[in-house]
1. Could you tell me whether region C:229-250 includes any residue that is in a loop (DSSP other than H, G, I, E, B) and surrounded by fewer than 24 Cβ atoms within 10 Å (Cβ to Cβ)?
2. Are any residues in region C:69-98 outside any helix (DSSP H, G or I), within 14 Å of chain A (Cβ to nearest Cβ) and open to solvent by less than 20 Å² (accessible area, probe 1.4 Å), and if so, which ones?
3. If I ask for residues that are within 14 Å of chain B (Cβ to nearest Cβ) and polar (S, T, N, Q), which ones from region C:166-223 would you list?
4. Between a residue in region A:282-305 that is more than 13 Å from chain C (Cβ to nearest Cβ) and any residue that is among the aromatic types (Phe, Trp, Tyr), which pairs come within a Cβ distance under 7 Å, given they are 6 or more apart or on different chains?
5. So the check is Cβ under 6 Å with 6+ separation or different chains; which pairs have a first residue in region C:99-115 that's open to solvent by 70 Å² or more (accessible area, probe 1.4 Å) and a second one that's not in a loop (DSSP other than H, G, I, E, B)?
6. Which residue out of B:ILE440, B:ILE453, B:ILE428 is among the β-branched types (Val, Ile, Thr) and modelled with pLDDT under 85?
7. When you look at B:ASP273, is it farther than 15 Å from B:ILE469 by Cβ and of a type outside the set (Lys, Arg), yes or no?
Amino acid sequence: MKKLLAAMVVGATVAMFAGCGQKAEETPAPAETTAQETVEAPSEAAQEETKEEETTEGMTFGYLICNERTAFMLDLIQGTQDKCDELGIKLIVNDSDMDPAKQISQAESMISQQVDAIIVTAADAEACVPIIEKCNAANIPVVGVCNTFSGDLQPDGFVGSNDNQSAELAVSALCEALGGEGKIGMISGVAGQSSEVIRGEATKRLLSEKYPDVELVVEDTGSWTRDGAMTLTENWIQKYGEEGLDAIFCQNDEMAIGTCNALENAGLTGKILVSGIDLIPESKEYLESGKMYADVFQDGYGQGFKAVEVAFGLVNGEDVGGETWIPFELVTKENMADYFE
Amino acid sequence: MGNGKQLLEMKHICKAFPGVVALNDVSFDLHEGEVHALMGENGAGKSTLMKILTGTYKQDSGDIVYKGEILEKRDEKFMLSMGVAIIHQELSYVPHLTIAENLFLGREIVHHGVLHQKEMNEKAAQWLANVGVDLNPKRLMKSLMVSEQQMVEIAKAISYDANIIVMDEPTSAITDREVENLFKVIADLKAKGVGIIYISHKMDEILRISDRVTVFRDGCLVDTFQSDEVDIDQIIIAMVGRKLTDVFPKRSVEPGEEMLRIDGLTRKGVFEDVSFAVRRGEVLGVAGLMGAGRTEVMRCVCGLDKYDKGEIYVNGKEARIRTPKDAITNGIGLINEDRKGVGLVLPLSVKHNLTLSNLNKYFKTPLLVNRKENELADKEIKELHIKTPGRNYPVRNLSGGNQQKVVLGKVMLDESEILIMDEPTRGIDVGAKVEIYQLINDFVKNGKAVIVISSEMPELIGLSDRIVIMHEGKLVGKIDQKQDITQEKIMEYVMKQ
Amino acid sequence: MNKNNFSKAGAGETMKIIFRKYAIVFALIILIAVLSVISDRFFTFTNFITILTQTSINAILAIGVTFVILTGGIDLSVGSMLAVSGVAFAMIAKVDANGEALFPPALAVLAGIFTGLLFGLLNGLIVAKAKVAPFIVTLGTMTISRGIALIVADGRPVSGMSSVFKSFGSGSIGGIPYLVIIMIMVSVIAIFLLGKTKFGRYIYAVGGNEEAARASGIPASNVKMMVYIICGFMAGLSGIMQACRVVVGQPNAGEGYELQAISAVVIGGTALSGGIGKMWGTIVGAFIIGVLGNGLDLLGVSSYWQKVISGIIIIAAVLLDRADKK
């Protein structure tokens, strides 16, 4: 069923972008209204520019996104799209709905469409390695973004943030606030996905190395969703009460907000601290009011933006390969003003 | 006469279901080349005994001795392999498969792992011919008439080359000509030394073909008679424990005004230009062979199918009948030949079935009042002597006769003025049959009009005041005087065509 | 089969029948008893309120699905309808920059309900009038409504709803959360509708034998259409409830909810073939799932094992039910 759904979404997306691409030169406006609600004036301006600049005329990039169902992924697409618009490159986005097999076949069809470069947010670190092989064979530059590949064969360029760092930032913020001593719980994402695995492992490593007196008393999956984390937190409140748990680390912001809501309903706001990762727009209110103690900003937009830059450089034969790191940043009530304008 | 050696002996069989003792110390035997008939009202225990024989149920106590050996562990497949086949009263077939595929179900002929369709079709045609049926084995089972399906079922049972064949009401749905074919087949089987257990409610049939008759009542074996030494009255007394004087009770009702008139009714490809009328206080019989189009006409009159041409008049006014609801509002009630397919909602209780078509009549608001509904149901259960542990009992678990009474009760509660009864006594025992005949008489006495379709000639003749005869989708004759109605005359109309 | 034979069912037999009829109620009681013994945190008022709140959404979805399954149909689209209704609701429930509601709250609720009804009507029309198998129809509308939810919300959660709804989602009256009150009301109405009205009877009849129902003058296709509309209504209602609870309209909400709802129906003893089942069974079924999830969380059983256990419960419930019918 999921596959059917994904097929529809991908179909719709491809149709839209394809449609946009064809019309882009005469009527740039539909591209914004149909596909990208938030694309604003700058990109239009960028397109104006590209009309004059003829060097990138007809260049097409493909972006293989693992799924476009979270705000973060949409930021990635947004960054990619904006940079492409700026450079006058046509961008095709395919969504694999977390299915590596599908992502590989999407890569194949992009290769047969002879795109100039492929940017990929891998649906799976190992299973998606064939995408690199196929791009290499077709002599198409490939740039990984956000999600890493495992093994020796790496893409020509990689742009991302070190996921270990994100969990470390979010968890140490909690540990520091607890004075290096206390009980915390962790709500993870969908089991087995690389970010879930890395964030979970990083958390445990950090606790054993730096905060031996902070105990991870419970962990379970909230499936990245708000209602999943909310239900879990409600049940934990019943089990541990105020005394049994000092803080909860959620592996993304959707779940952190669900947790904050559950705590607020139980009157435990501020008594059990919450931290999350992603810094989605809604988190502003939660940080401001103290419901959420800390958040970690992963610059999805920046990653996407940078990835196009790298890919464009590779196409033009520049030496921009290797890894480019976009750092994570810890956001609390104190510095939040810098992130929400 | 079953003079062969003993083939089967069932000794002191007992079987109880939760709340019901189905068989109480029953002993029964069968000889080679014998036709042993079982009689008894529905629920008397015949079918349970046969289900124990064929391995569907296990007896609580008692032994089954077959060819001199006691059979211990048994199931249906094992018994079939031992040479015990059954023709079920309730047809069991896969509707979307062909006749041949149904006949070979579970024993397909395979060449190198591939089905050998041709050979199976040829063999199937042979088997069908053996029972005197001319059907293309490639036809889908669902496309056949009920009678044809029944004949396929018979052909199937015989094809197993069984030593014992149980025939549970084999003639309840087939035509007279097919009955004759079946009897020929039975004679052949007897000559080969096959033992046949024959369950039927039809007295004349039983006395004609059986060697011995065993009568059941309330789970007990009442008596076993030699068929050539017994008469119908003795059997009936044994069955119901009392004497049934008049099978077709007399009545003297002067027919009143015309209640239903069908004028030039046509459904393309099924029947055409059918016209007849029925008056208040009379029973109109519709005669004809299976497939003559009688059922199809009635389905249109009751709104189950749509007609292409013609008019239906109720009480002199033209009635547009497009849905069953239209028919019910016009006071037309149908007792369908297909009790389980169209008449009843099997998982629902007796009460819910009884009131299903008349909720709008008794409850003016969308709400149902439990007490009132209980009263309605209890009234019909009592009036029609429906044997059920309670009004909330699922109708699925009742015997055929009692299920049919529920269908009748439903129409009674509808207060239908015009009753159309298609095979109203199919698969029902004598006692229940007489009750239903009595009910039909009550209907006409109360000024209702009744149309009866029946394949049992004596029933049709006994019940009807007038008869119309259909053949191949057309009305081919009518007999207006009660005293003129004879089997010969009806057959004459049919045969002339 | 005379009267004596029937009345032989003694007191022990009667107890047996009662036990069988209410087997899942006993199962729920046993479950609660066991959990109370092995977890000291389980048997508390606040925890029961927690369970009630958590179950309310699935219970309402399952109630809708019960109507459909009783007619012999199925509705796979409830989870997606919940999402699209929640998104529609959240978009109208938005506040502007000054925190003022853009539209009256009632309009937002209507938008959510109307969206559910619309998709329910679509299901109903295609199933009842065009006579396409319900599995296929609702599989189609499942992906259609999910797609529309994503398109309308642009893939992102629709946030910023008026505080009225937030307090509805998490507030309570006399200690009983509003969501639970809604669930109780819906349950009572559904039990009444199914058991005490003509329409309810028609649902059983159509599911038990559509042809016989039609021959009895029941407008079978209208009944079928109606159950899908009811199911859509329930999905719309639970979409609003879910959105109020998590204070956002999530286009990816309710994934897998259809299966959880169907599980509740099946555990509750309703036959997927139609015609047999009870509304209260579904509600108890939903609570078995809810209590189990809560209890296992309290016991610290990982969600991986929880999946295994819920699967076993579903199969066990069906086996129990079948044993009952034999």
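1. No - not one qualifying residue is present in region C:229-250.
2. C:ASP75, C:LEU76, C:SER77
3. Matches in region C:166-223: C:THR197, C:ASN209, C:SER216, C:SER221, C:ASN222.
4. Short answer, once both residue conditions are applied: A:MET292/A:TYR286; A:VAL296/A:PHE328; A:PHE297/A:PHE328; A:PHE297/A:TYR339; A:GLN298/A:PHE72; A:GLN298/A:PHE328.
5. C:LEU102/C:LYS94; C:PHE103/C:ILE92; C:LEU107/C:ILE92
6. Only one candidate qualifies: B:ILE428.
7. For B:ASP273, the condition - farther than 15 Å from B:ILE469 by Cβ and of a type outside the set (Lys, Arg) - is not met.
Listed here are the residues, each with its yes/no results for (1) surrounded by fewer than 23 Cβ atoms within 10 Å (Cβ to Cβ); (2) basic (Lys, Arg).
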| site | (1), (2) |
| --- | --- |
| A:GLY189 | no, no |
| A:SER194 | yes, no |
| A:ARG199 | no, yes |
| A:THR203 | no, no |
| A:LYS210 | yes, yes |
| A:GLN251 | no, no |
| A:GLY258 | no, no |
| A:ALA266 | yes, no |
| A:LEU279 | no, no |
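The values are calculated or read from the model by the stated rules, or taken from the named source; none is laboratory data. Small disclaimer: the values here were computed from a predicted structure and weren't measured. Neighbour counts are summed over all protein chains in view; Cβ atoms, including those assigned to glycine, are modelled from backbone coordinates with ideal geometry. Remember, those area values only see protein heavy atoms, side chains included, never the ligands or the DNA or RNA. Shrake-Rupley method; radii C 1.70, N 1.55, O 1.52, S 1.80 Å.
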